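The values are calculated or read from the model by the stated rules, or taken from the named source; none is laboratory data. Predicted, not measured: the structure shown is a model, and the values here were computed from it. As a convention, Cβ positions derive from the backbone with ideal geometry for all residues, glycine included, and neighbour counts pool all protein chains shown. All accessible areas refer to the heavy atoms of the entire protein, side chains included, with ligands and DNA or RNA removed. Shrake-Rupley method; radii C 1.70, N 1.55, O 1.52, S 1.80 Å.
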Amino acid sequence: MRKPCIISKNLNTAAITILWLFLALLPYPPPVNGLLSVQIGRTKRNPLTKEPCLRRRHFSHAYLFNGGKDICVLDDNETTIKSRNSFYKGKIAKEVMEDLQNGVQLPYDFEYFESLGSPKKRSIRLKHLEKDEISKAVSLCLKEYGSYPSTDTLLMNEDEKISTTLKNIMNDLDNFMFSFVVLLGLDQRVERRKKSEFDRTIPPDHNVICIHEVDEEDKETMIGMAEISLQPADPARTSPPFVIPTGIKNAFVSFGLWTEPVPYISNVLVTNDYRGKGFSKVLMACCEGLAKAWGYDEAYLHVDADRRSGTPAQGLYHSLGYIPVIDEKYNEKFAWMGIDTVNKGLYIVDGVALLFLKKKLK
């Protein structure tokens, strides 16, 4: 059997690393919190619901992973239901949340109750994203955020039909680029986690958590995901779409270009049918537990600053104890907007208004 060419392997590794840096550092406006940082998408209508999918020419947290008008990803209108201190949100046992916040080993199964006192329940499983599930995660993201073709062609004239056909072709291209970037980014994250599990010299610094509903035959249906990684605590930048090797991160830190990496939570996603049930808080608790297991006592994140599209996500994070990270010198430029805006931790990241928040982990 022929032995693999070491030189070719090294060249391939170098080429991939250069590609990572090139794509990660390209000035795509604006960067998305984690997986996607490309300029794709136009406003189309979902052919099933006829509702606007509201994909903008420039993506932000509000319109990709952290929710927005009519496509809010994070749980909307989440309010804690207190009942004899036995349930969290009235549906998930408090012991489950405590286990997750303490860094319980994954996979982790628990029961979700439809309502207080109801015998009807669902089996839920939290686990690391694996190689054989990446395609499911990509499909989940594409279903939520892909460009939808126009189907209202019956009343169109020939010119309009041609125009619609061309737009549909562009939608296909959008979806291909979207899927490619998400696929590559997730694959790198899974590979990075596996390396850190088998090689103690590689610190754990990337993890993608998936939440599944499990039926009686133990068949899993992915209903959400979230990511935690080690990134510089820099309010002016979000995590790059691709994994940057630890050696390069350390070099940036040693040259004073970056601060020491800290746990950074991003890409919190819950599918349509499972929103408002507390699963985003479950994902957040799991990510925070991982941060503690890595030896950190703080976690950071960005969230959309828009009062309309960002309100659900902001409410979620504030309810979990996240507070603004305020840079007095930087925030002086927003003094004209009022003291309340200044104290929210507002930052402009590549033209997008974001809030930078942190939480002290107990």
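Note down the net charge around ASN102, summing +1 for each Lys or Arg and -1 for each Asp or Glu among other residues with Cβ under 12 Å from its Cβ.
Counting the neighbours of ASN102, the net charge comes to -2.
At 0.36 nm per residue, and after removing the present C-alpha to C-alpha distance, how many nm does the segment from LYS194 to LEU166 gain when stretched out fully?
In short, 5.9 nm is gained.
Starting from 0.36 nm per residue, how many nanometres of slack lie between TYR296 and ASP340 once their C-alpha separation is accounted for?
Net length gain for the segment: 12.9 nm.
Nothing charged except the Cβ atoms of Lys and Arg (+1) and of Asp and Glu (-1): what's the magnitude of the dipole of the range 215-350 about its Cα centre? Round to the nearest 20 debye.
Dipole magnitude for the range 215-350 comes out near 420 debye.
Tell me, in nm to one decimal, what length is gained between HIS318 and THR259 on full extension, where the rule is 0.36 nm per residue of separation less the Cα-Cα distance?
18.8 nm
Testing the spin-label approximation: label points 7 Å from Cα along Cα→Cβ at GLU332 and GLU111. State their distance in nm.
So the two model labels end up 5.9 nm from each other.
Could you pull the accessible area for VAL282 with a 1.4 Å probe, rounded to 10 Å²?
The accessible area comes out at roughly 0 Å².
Heads up, I need the accessible area for HIS318: 1.4 angstrom probe, whole protein in place, Å², nearest 10.
We get 90 Å² for HIS318.
Distance in nm between label sites at LYS121 and PHE176, each 7 Å beyond Cα in the beta-carbon direction?
Roughly 4.8 nm, to one decimal.
Mind checking the per residue accessible area of the range 218-362 for me, 1.4 Å probe, whole number of Å²?
Here the residues of the range 218-362 average 42 Å² of exposed surface.
So what are the ³J(HN,Hα) numbers for the range 216-221, from phi and the Karplus equation (6.51, -1.76, 1.60; θ = phi - 60°), rounded to whole Hz, Gly and Pro as x?
For the range 216-221, the Karplus curve yields 5, 8, 6, 8, 9, 10 Hz.
With a 1.4 Å probe and every protein chain left in place, tell me how much accessible area TRP294 has, in Å² to the nearest 10.
50 Å²
In a shell of Cβ-Cβ distance under 14 Å around TYR296, excluding TYR296 itself, what net charge do Lys and Arg (+1) and Asp and Glu (-1) give?
0
For the full complex of protein chains and a 1.4 angstrom probe, list MET222, MET177 by accessible area with the highest value first.
From most exposed to least exposed: MET177, MET222.
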